[in-house]
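As structure tokens, the structure follows; a few thoughts come after it.
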Amino acid sequence: MSSPAPAAAPAAAPAAAPDQQQPAFRGVFGFIGGAVAKAVSTTFIVLVVAAFVAQHVLDAKKTIIDAKTHSPEIVQARMLARFEAGSVIPPFEKYHVNRPEAVAMLQGVLRPALLKDYTVVIGEVGCGKTTAVLDAIRANSTGIVYHIVGAELPVDVPKRLAGSLAFAFNRFTFTAGYFKDRSVEMEQVTSAEEPFKSWAILELGLRDVAAQFKAKHGHVATLVIDAVDEIAQQGPALLHVIQDFAKAAADKQLLNVVLVTSDGSTLPELKESSAMTRARVVEVGDLTDQQAVTYLVRRDIHEDLAKRAVAEIAGGRLILLNNLADDLLFKTVEQIFLEFHIGTRGALRRLFGDLAQISPPVSSTFCRLCRGAQHVDDVEEALGLDLTKKLLATNTNILAYHPDETYTLHSRHVQRSVAALLNCTRP
């Protein structure tokens, strides 16, 4: 009997259709994607937190560094270092004129053996006053800070001066304790208007540093502020505050303050301050005629022509000599003088009108000035104080004031012009 045939193998299950396979793949990839997303999210959060913490740490460090960098002690240390190093003075100019007498006088002003008062240095515009001051500092600038006022507004003057002193205005200075330690109420300073607020803070720093310098070196430091007439022209209030500080510093033998003004017309403003009672006024005058001729010869002007130009136009006024060195290359002495003469005549006509109608007392005063210096009382009595001030103004340049209480005519060409216009003759 034959064996039964083996049973047929069950048929394989049909392959799943593609749309039946996707749920499985989706499940796998969904799981992986979720894990990755979770990991990325966690990493992002960690990075954000780390960045926040890092920034917080940096901010904290910056605050500490700022506090150390801008603390009053550090600010004052920088200012002390500036005084100890002294201001950097530029080298001599190409056509430099040696003025040993003026430089020696100014060196005595800059380094007084005994500080009794502050100093006001005056000199007509263009006389070489600033150059002489820089020459006096250049030999040894240690302990001397030099600052020249520009054409800035008064509100900016203390801040520009602070820059020359390496003094930084900052929030750490404005603390009640800082002011209290110096017997000053914080409200007095913080409520003040500018520029007086900035000046008050700078002044406190200056006092501290001046005391430190004197204790360390055994002598006072010197602060030179040049062109203070720029401050006076926009209102004398700040100038008077600076004068008060200069006087107080001299009274306490704390700091030698030297104020330089570009012409004598600023002196009336300076004298309005009671602090002027402790000021010593010194003058940087013009070059001698021989120095002036030597200067022009060095500028390639023939000696005979240089002598005429000095005698008839410039005298020893350095700014005029500078201009002459160029003008004489293409103009004659007569042509140059005529230009100045027209300017002087115009200035006098603006003040007096018809020059033929000038009163005899005024005319005779001008003629005496043509011959030399006259005492201030005689000139002011004859001309009147208001007219005298107008003649001193830099936009007129007819009169010049001198510390020995005299007036002269402003320059050599003004003397010649006035003598010709008013028919002055020598006695």
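The values are calculated or read from the model by the stated rules, or taken from the named source; none is laboratory data. In this text the structure is predicted, and so the values were computed from the model without any measurement. In this analysis, Cβ positions are derived from the backbone assuming ideal geometry, glycine residues included, and neighbour counts consider all displayed protein chains.
When the residues of the range 364-404 are filtered to those that are under 19 Å from Gly343 (Cα atoms) and of a type in the set (Gly, Ala, Ser), the one that is surrounded by the most Cβ atoms within 10 Å (Cβ to Cβ) is Ala400. All of Leu270, Leu254, Leu259 fail the test of being under 21 Å from Gly163 (Cβ atoms), assigned by TED's automatic domain parsing to the domain that holds Ala192 and either within 19 Å of the chain's Cα centre (by Cα) or not β-branched (Val, Ile, Thr) (or both), apart from Leu259.
The set of residues in the range 103-159 being among the polar types (S, T, N, Q) and farther than 29 Å from Tyr407 by Cα consists of Asn140, Ser141, Thr142.
Give the residues of the range 294-349 that are in a helix (DSSP H, G or I), of a type outside the set (A, V, I, L, M) and within 20 Å of Leu409 (Cβ to Cβ), sorted by residue number.
The answer is Arg308, Glu312, Asn323, Phe337, Glu339, Phe340, His341, Gly343, Thr344, Arg345, Gly346, Arg349.
In this structure, Phe366 does satisfy being in a helix (DSSP H, G or I) and of a type outside the set (Val, Ile, Thr).
Could you go through the range 400-410 and let me know if any residue there is assigned to a loop (DSSP other than H, G, I, E, B), of a type in the set (Ser, Thr, Tyr) and at pLDDT below 95.
No, because not a single residue in the range 400-410 is assigned to a loop (DSSP other than H, G, I, E, B), of a type in the set (Ser, Thr, Tyr) and at pLDDT below 95.
Flag: Ile336 matches the condition of being among the aliphatic types (A, V, I, L, M) and surrounded by 15 or more Cβ atoms within 10 Å (Cβ to Cβ).
Any idea which of (1) in a strand (DSSP E or B); (2) buried (at least 21 other Cβ atoms within 10 Å of the Cβ) is the one Ala136 doesn't satisfy? Among (1) in a strand (DSSP E or B); (2) buried (at least 21 other Cβ atoms within 10 Å of the Cβ), the lone unmet condition for Ala136 is (1). Out of His402, His375, His413, His341, one residue alone is touching a strand residue (DSSP E or B) at 6+ places or on another chain (Cβ under 9 Å) and either closer than 24 Å to Glu312 by Cβ or of a type in the set (Ser, Thr, Tyr) (or both). It is His402. Inside the range 216-238, residues that are at pLDDT below 95 and either part of a helix (DSSP H, G or I) or more than 21 Å from Glu405 (Cα to Cα) (or both) make up a count of 11. Taking the range 185-215 on its own, how many of its residues are among the charged types (D, E, K, R) and outside any helix (DSSP H, G or I)? Result for the range 185-215: 3.
Specify the residue that is nearest to Arg308 (Cα to Cα); the eligible residues are those in the range 337-355 that are touching a residue at least 60 places away in the same chain (Cβ under 8 Å) and aliphatic (A, V, I, L, M). Within the range 337-355, the match that is nearest to Arg308 (Cα to Cα) is Leu348. May I ask you to verify whether Glu283 is in contact with a helix residue (DSSP H, G or I) (Cβ under 9 Å, 6 or more places away or on another chain) and in contact (Cβ under 8 Å) with a residue 12 or more places away in the chain? Judged against the criteria, Glu283 is a match.
Residues are listed down the side, and each one gets a yes or a no for (1) crowded, with 21+ Cβ neighbours inside 10 Å; (2) within 14 Å of the chain's Cα centre (by Cα); (3) part of a helix (DSSP H, G or I):
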| residue | (1), (2), (3) |
| --- | --- |
| Arg82 | no, no, yes |
| Ser87 | no, yes, no |
| Pro91 | no, no, no |
| Tyr95 | no, no, no |
| Leu114 | no, no, no |
| Ser141 | no, no, no |
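Taking residues in the range 356-373 that are touching a residue at least 24 places away in the same chain (Cβ under 8 Å), and partners anywhere that are charged (D, E, K, R) and surrounded by 11 or more Cβ atoms within 10 Å (Cβ to Cβ), the pairs with Cβ atoms closer than 9 Å and at least 6 places apart or on different chains are Cys370/Arg416.
If the condition is being modelled with pLDDT of 95 or more and surrounded by fewer than 23 Cβ atoms within 10 Å (Cβ to Cβ), then the range 253-274 contributes Gln253, Leu254.
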